[in-house]
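The structure appears right after this line, and notes come after that.
The values are calculated or read from the model by the stated rules, or taken from the named source; none is laboratory data. The shown structure was predicted, so the numbers you read here are calculated from the model rather than taken from an experiment. A quick note on method: Cβ atoms are made from the backbone with ideal geometry, for glycine too, and the neighbour counts reach across all protein chains shown. These area figures cover heavy atoms from the full protein model, side chains too; ligands, DNA and RNA do not enter into them. Shrake-Rupley method; radii C 1.70, N 1.55, O 1.52, S 1.80 Å.
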2 protein chains.
Amino acid sequence: MTLHHKQSYWKMDQALYLAEKAFENGEVPVGALLLSPDHKVFARAFNQVETLQNPFAHAEMLVLDEACRKIKSKRLLEYSLVVTLEPCLMCAAAAMNARVKRIIFGAYDPKGGGIEHGARIFSRQQTLYYPEIIGGIQEQYCQKLLRKFFIQLR
Amino acid sequence: MTLHHKQSYWKMDQALYLAEKAFENGEVPVGALLLSPDHKVFARAFNQVETLQNPFAHAEMLVLDEACRKIKSKRLLEYSLVVTLEPCLMCAAAAMNARVKRIIFGAYDPKGGGIEHGARIFSRQQTLYYPEIIGGIQEQYCQKLLRKFFIQLR
């Protein structure tokens, strides 16, 4: 678990870098990676909801969709999703539908999160598939960037 | 409400026609429409998960995404989603994120549905937005087509 956590820390740096790119573009600063079965970065994206005026252009959706297209498969069984913010219900359900192995996220999101908050998608019996969940990785850095963004908005 | 229901019945016929197209393509038979503010059919799609090998190619996601691209807006505030099957959690959350006015569906889905079953996305306090929900429109026809498909699979 320790080694695994260290790996995650390292990858979260890259997701944070992408989140900063989102910030520079006036987007809610969220970045995501999809890691291949051998833990390499297979897809990367940042939130583009405002730029594309598309409510589905969350960083997570973008990397999941890109990966499915790349490998021409509806299943991402051995892939891991890394994202700076707890996924919303749509993205968590999308990751479930794609059968990702693992979801690693940074900041918790009491308002919009769907894993540890709200519908708690993976904490219910009806759920079809349960990925491994690791939350709070580099939490403070991820949160700090989000706070900075929302303070700027006011 | 009566007039409204009659209208929905009529539109569900078109969604059912799309579901049959999905069936012919070996896809779980689900069809969807997006109705514009003046109740015209603005986008239509059927499930293409197998064809595209993309777990996000649910009929609902396809019409929502198409509509956002068409009007270049992340909000579909006065639009209605019509679909032959109760949306899964991903699609229900996507419709919520896009702020559709209304979700009209045919068959209930106790196993995979996310509105009247499972996470019951719109029955919780944390939910950010509550569209109008009308379920069970032409339920028997929608269900019959799905049953026929799953019997064939066995």
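Some observations on this one:
- Residues whose amide H comes within less than 5 Å of that of A:Ile134, counting only those at least five positions distant or on another chain, are A:Ile103, A:Ile104, A:Phe105 (H built at 1.01 Å from N in the peptide plane).
- Heavy-atom accessible area per residue - the stretch B:10-88, 1.4 Å, Å²: 40 Å²
- Values of log10 I(q)/I(0), in the order q = 0.23, 0.24 Å⁻¹, for the stretch B:45-154 under a Debye, Cα-only, solvent-free model: -1.38, -1.46
- The mean count of C-beta atoms from other chains within 10 Å of the C-beta of residues in B:137-150, rounded to a whole number, is 0.
- The residue list A:Met90, A:Ala119, A:Gln143 was ranked by how far each Cα lies along the charge dipole of the stretch A:79-154 toward its positive end, using unit charges on Cβ atoms, and A:Gln143 comes out on top.
- Average beta-carbon neighbours from other chains, 10 Å sphere, peptide B:86-99: 6
- Electrostatic dipole magnitude of chain A [Cβ: Lys, Arg +1; Asp, Glu -1; Cα centre; debye, to 20]: 280 debye
- Comment: the Cα-to-Cβ extended label point of B:Gln152, at 7 Å, lies 5.3 nm from its counterparts in the other copies, nearest first.
- Within the shell defined by Cβ-Cβ distances under 11 Å, the residues around A:Val30 carry a net charge of -4, with Lys and Arg each +1 and Asp and Glu each -1.
- Note that the protein assembly as shown carries a Kirkwood radius of 19.6 Å, evaluated over its alpha carbons pair by pair.
- Interface size B-A, as summed buried accessible area [1.4 Å probe, Å², nearest 100]: 2500 Å²
- The same position A:Ser123 in the other copies lies at 1.8 nm from this copy, comparing label points 7 Å beyond Cα toward the beta-carbon, shortest first.
- Between A:Glu24 and A:Lys144, full extension at 0.36 nm per residue minus the direct alpha carbon distance yields a gain of 41.7 nm.
- Nonlocal amide H pairs with A:Thr84, under 5 Å, H built at 1.01 Å: A:Gly31, A:Gly106
- For the stretch B:4-105: rounded, prolate or oblate by the Cα gyration tensor [a/c cutoff 1.5]: oblate
- Distance from the B-onto-A rotation axis is smallest for the Cβ of the chain B residue given, in whole Å, as B:Ala119, 2.
- Take A:52-63, B:50-61 and order them by the average number of nearby Cβ atoms within 10 Å per residue, most first; the result is A:52-63, B:50-61.
- Anchor B:Lys72: aspartates and glutamates whose Cα lies under 17 Å away (excluding residues fewer than 8 positions away in-chain): A:Glu27, A:Glu50
- The same position B:Gln14 in the other copies lies at 4.5 nm from this copy, comparing label points 7 Å beyond Cα toward the beta-carbon, shortest first.
- Over chain A: helical MRE at 222 nm, DSSP H runs n ≥ 4 each giving -39500 (n - 2.57), nearest 500: -13000 deg cm²/dmol
- Whole-percent P(r), the stretch B:31-78, all Cα pairs, 5 Å bins from 0: 5, 24, 29, 23, 12, 6, 2.
- Fraction of accessible area attributable to carbon and sulfur, chain B (%, probe 1.4 Å): 53 percent
- In order along the stretch B:117-133, the Karplus-derived 3J(HN,Hα) couplings, from 6.51 cos²θ - 1.76 cosθ + 1.60 at θ = phi - 60°, round to 9, x, 6, 6, 3, 8, 10, 10, 5, 5, 4, 7, 7, 10, x, 6, 10 Hz, and Gly and Pro are given as x.
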